[in-house]
Amino acid sequence: MPYKTFLTILVPAIVAFIITVIVTRFFITYMKGAGVTVIDHNKKKRPILASSGGIAVAFGFAMGLFTYIFGASFDLYIPTSSLLYLFAAVIAVALISFTGFIDDINVTKKLVKSTDLMDTHKGLKQWQKPLFTLVGAIPLMAINAGVSTISVPFLGMIDFGILYPLIIVPLAVIFASNAFNLLGGFDGIIAGSGLVASLGLLLYSLVFGTTNGAIISGALFAAIAGFMVYTVYPARIVPGDSFTYAVGTGLVAAMILGNMESFGVIIFLPWIIEFILHARKRFHVTDLGVLQKDGTFKSKYGKKIYSWTHFIMNIRPMKEWQISATMWAISALFVALGFSMKYLGLL
């Protein structure tokens, strides 16, 4: 990529980072005042934290892409990315983030049963979530996004034709947003894993020249990084479903619009595996552990594995930040696997 192209990727990313940091700082106070909160079950004193931090990430992401669109619209440079694709990505993430926000604000004054634990966050019903997250796919379907011919590992190139925009794209958005939503419970674990995945997509885009993917994944990476300032241990705000839905959709948008679906599937394998593990208990499972006196955690389900966090907690006694860091490392391994398969000609 030429120098100017790198600059047009860097500037929107910087804007996305700064905006997300500022908006998240505001949301910490605002959401607490509005009562959009959750209980931090991993601390002895059970502090109440602001929730729905994903709105700040979606806003920062949108402002980053709008920075690129502004420069292209006022002839500050010749755009190398499709402005239609960028608008579609912004609308998709904004719509699904709002859907997640609806889930986040459904809190109660009394403790209720939620995913195998008692909390004030009631949220949407399990069957409602896939239905509501369909809205995130509509912008990508409307513009007939992506290329219908995809390289499928071990099978080669397959042309899905009209099935791609009308069937595969919505299913990908629904699955990715809901599967990404399954892994969480520890400070920074989901934000850090999303950061690793978006960085993987960004590096892939830069190496293999997909400018659409580079701008989208670059803005997403920067927005998540800005949010990480406040959500790593000890967190001051939790991501909420507005974050998981938005980031899951942002990752899918980068994969589709950047023509890197095959690579994207590989780096998304941790969440595919998480989905399968949760399904073993019909999704009535919590990723959280039981806090011990020394600050480490034990799995609530003993040696049974229904989540990546259960697997990690069974490796050895770990504190909260160690569990999160281990999950980041696992995500990085899948990114490395994706690049290895690409260089071996398997993608």
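Within the range 35-47, residues that are within 14 Å of TYR233 (Cα to Cα) have Cβ atoms under 6 Å from residues that are outside any loop (DSSP other than H, G, I, E, B) and modelled with pLDDT of 85 or more in these pairs: ASP40/LEU49; ASN42/GLU320, counting only partners at least 6 apart in sequence or on another chain.
Any chance the range 61-72 includes a residue that's surrounded by fewer than 24 Cβ atoms within 10 Å (Cβ to Cβ), among the polar types (S, T, N, Q), on the phi < 0 side of the Ramachandran plot and free of Cβ contacts under 8 Å to residues at least 12 places away in the same chain? No - not one qualifying residue is present in the range 61-72.
Restricting the first member to the range 330-347 and to residues that are closer than 16 Å to SER205 by Cα and touching a residue at least 40 places away in the same chain (Cβ under 8 Å), and the second to residues that are surrounded by fewer than 17 Cβ atoms within 10 Å (Cβ to Cβ) and of a type in the set (A, V, I, L, M), the beta-carbon pairs closer than 7 Å and six or more apart or on different chains are LEU347/MET341. Taken together, the residues in the range 297-313 that are aromatic (Phe, Trp, Tyr) and over 14 Å from LEU182 (Cα atoms) amount to 3.
From the list ALA179, ALA246, ALA191, ALA197, which residue is surrounded by fewer than 22 Cβ atoms within 10 Å (Cβ to Cβ), within 10 Å of the chain's Cα centre (by Cα) and not β-branched (Val, Ile, Thr)? Break it down stepwise before answering.
Details: ALA246 fails: surrounded by fewer than 22 Cβ atoms within 10 Å (Cβ to Cβ); ALA191 fails: surrounded by fewer than 22 Cβ atoms within 10 Å (Cβ to Cβ); ALA197 fails: surrounded by fewer than 22 Cβ atoms within 10 Å (Cβ to Cβ).
Exactly one of ALA179, ALA246, ALA191, ALA197 is surrounded by fewer than 22 Cβ atoms within 10 Å (Cβ to Cβ), within 10 Å of the chain's Cα centre (by Cα) and not β-branched (Val, Ile, Thr), namely ALA179.
Starting from residues that are of a type in the set (Gly, Ala, Ser) and in a loop (DSSP other than H, G, I, E, B), keep the ones in the range 259-310 and report whichever is nearest to the chain's Cα centre (by Cα). So the residue we want is SER307. The set of residues in the range 60-80 that are over 14 Å from the mean Cα position of the chain (by Cα), of a type in the set (A, V, I, L, M, F, W, C) and assigned to a helix (DSSP H, G or I) comprises ALA62, MET63, LEU65, PHE66, ILE69, PHE70, ALA72. All of (1) among the charged types (D, E, K, R); (2) in a loop (DSSP other than H, G, I, E, B); (3) surrounded by 24 or more Cβ atoms within 10 Å (Cβ to Cβ) hold for ASP241 with one exception: (2).
Here is the figure for the range 158-209: residues that are out of contact with any Ser or Thr (no Cβ under 9 Å at 6 or more places or on another chain) and assigned to a loop (DSSP other than H, G, I, E, B) total 1. Among the residues of the range 201-216, are any over 24 Å from MET341 (Cβ atoms) and either touching a strand residue (DSSP E or B) at 6+ places or on another chain (Cβ under 9 Å) or buried (at least 24 other Cβ atoms within 10 Å of the Cβ) (or both)? Scanning the range 201-216 turns up at least one residue that is over 24 Å from MET341 (Cβ atoms) and either touching a strand residue (DSSP E or B) at 6+ places or on another chain (Cβ under 9 Å) or buried (at least 24 other Cβ atoms within 10 Å of the Cβ) (or both).
Taking the criterion of being closer than 17 Å to SER193 by Cβ, in contact with a helix residue (DSSP H, G or I) (Cβ under 6 Å, 6 or more places away or on another chain) and not charged (D, E, K, R), the residues of the range 264-288 that qualify are GLY264, ILE266, ILE267, LEU269, PRO270, TRP271, PHE275. Scan the range 263-274 and tell me whether some residue there is hydrophobic (A, V, I, L, M, F, W, C), surrounded by fewer than 22 Cβ atoms within 10 Å (Cβ to Cβ) and closer than 24 Å to ILE19 by Cβ. Within the range 263-274 (the criterion being hydrophobic (A, V, I, L, M, F, W, C), surrounded by fewer than 22 Cβ atoms within 10 Å (Cβ to Cβ) and closer than 24 Å to ILE19 by Cβ), the answer is no, since none of the residues qualifies.
Flag: PHE268 matches the condition of being among the hydrophobic types (A, V, I, L, M, F, W, C) and within 21 Å of TYR204 (Cβ to Cβ).
Would you confirm whether any residue within the range 96-107 is at pLDDT below 55, closer than 29 Å to TYR30 by Cβ and not aromatic (Phe, Trp, Tyr)? Reasoning before the result, please.
First, pick out the residues of the range 96-107 that are at pLDDT below 55: none.
The answer is no, given that none of the residues of the range 96-107 is at pLDDT below 55, closer than 29 Å to TYR30 by Cβ and not aromatic (Phe, Trp, Tyr).
The values are calculated or read from the model by the stated rules, or taken from the named source; none is laboratory data. None of the values given here were measured: they were computed from a predicted structure. Cβ sites come from the backbone with ideal geometry, for glycine too, and all protein chains shown count toward neighbours.
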